[in-house]
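Worksheet: one structure, shown below.
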Amino acid sequence: MAAAKVLALVSVIVLSACLANAAPIEATLSQQIAGNKWADPTYYEFAAINEAGGYQVGDKLFTNFSLTVTSGNTGNPPTPSAIGVKAVKVDWDNTGQWEYGLLFTGPWSVVAPALVDIVIQFKVTVTDQTSWIVDNTLAMEGAAAGDGLAGVHEKVEDSAGNLLTDPLKYVWAQSGATHLRDHREFGGMYQELWISKDVQVNGGLTGNASLSLVYQTFSQVPEPATMGLLGLGGLLVALRRRRRAL
């Protein structure tokens, strides 16, 4: 991951030099895609986001997008331009607790014996210095039949490269069983994180699999000085230490 970070940072420096007046894309969360999901009406490509200097979603700036095709692919892995990204805000449990983040879509569909395996990486930074990220949610929409499998593994690291969730978050769909949402508390408060998603769609020997959408959302709490004023009850509410699963 350290090497990937260095490459991504070099890319940002080059883009900044070429596009000195570039401003991040500002999300417009005006499209209601479900009762508890709102999205930017526009999908963007990785290159467009990187060239603009990032994608601003609420108080979070998403930058340094990259895609790596892993070994073993026998299907048709998507190129970066084939993957769409849009901003979202989601109230996962209809409790009034909104999380802000991204929605990814791509041509993730295979039949046996094809396999598509890619890694998507990006950085998220809190631009409002009074907020801190304390947890995140990974979710997907997909299906599989026979011995097919669609799934996403996710690794979250802090700016020093420390892994924040062990075991890694994992969502998946296979014939007869699914786990479509995984939420983790970090046990700390962060203003910069590196995210790595291993997206795999495997047709198996006789099956098929598809993955249509991947959600990535984050919540936050006020800065530590403010938290002292909240009291214990307010602190527990702010941290929202609860697990969510389908």
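Testing LEU102 on (1) more than 12 Å from the chain's Cα centre (by Cα); (2) closer than 25 Å to ALA47 by Cβ; (3) not charged (D, E, K, R), one condition comes back false. Which one is that?
All conditions are met except number (1).
Condition check: modelled with pLDDT of 95 or more, surrounded by 13 or more Cβ atoms within 10 Å (Cβ to Cβ) and not basic (Lys, Arg). Does ALA48 satisfy that?
yes
Are there strands (runs of 3 or more DSSP E) fully within region 103-196 with at least 2 residues that are surrounded by 20 or more Cβ atoms within 10 Å (Cβ to Cβ)? List them.
Qualifying strands (runs of 3 or more DSSP E): 115-126, 131-145, 149-158, 169-174, 181-190.
Only one residue in VAL171, VAL201, VAL152, VAL119 is among the aliphatic types (A, V, I, L, M) and closer than 30 Å to ALA23 by Cα. Which one?
The conditions single out VAL119.
Mind checking which residues of region 203-220 are touching a strand residue (DSSP E or B) at 6+ places or on another chain (Cβ under 7 Å) and part of a loop (DSSP other than H, G, I, E, B)?
Hits for region 203-220 are GLY203, GLY204, GLY207.
Look at ALA4 and say whether it is modelled with pLDDT under 90 and surrounded by 15 or more Cβ atoms within 10 Å (Cβ to Cβ).
The answer is yes for ALA4.
Please name all residue pairs, on different chains or six or more residues apart, with Cβ atoms under 9 Å, provided the first residue is in region 208-224 and is surrounded by fewer than 18 Cβ atoms within 10 Å (Cβ to Cβ) and the second residue is modelled with pLDDT of 95 or more and β-branched (Val, Ile, Thr).
Going by the 9 Å Cβ cut-off, the qualifying pairs are SER212/THR105; LEU213/THR105.
The values are calculated or read from the model by the stated rules, or taken from the named source; none is laboratory data. Quick caveat, the model's predicted, so the values are computed rather than measured. Cβ coordinates were reconstructed from backbone atoms using ideal geometry, including for glycine residues, and neighbour counts include every protein chain displayed.
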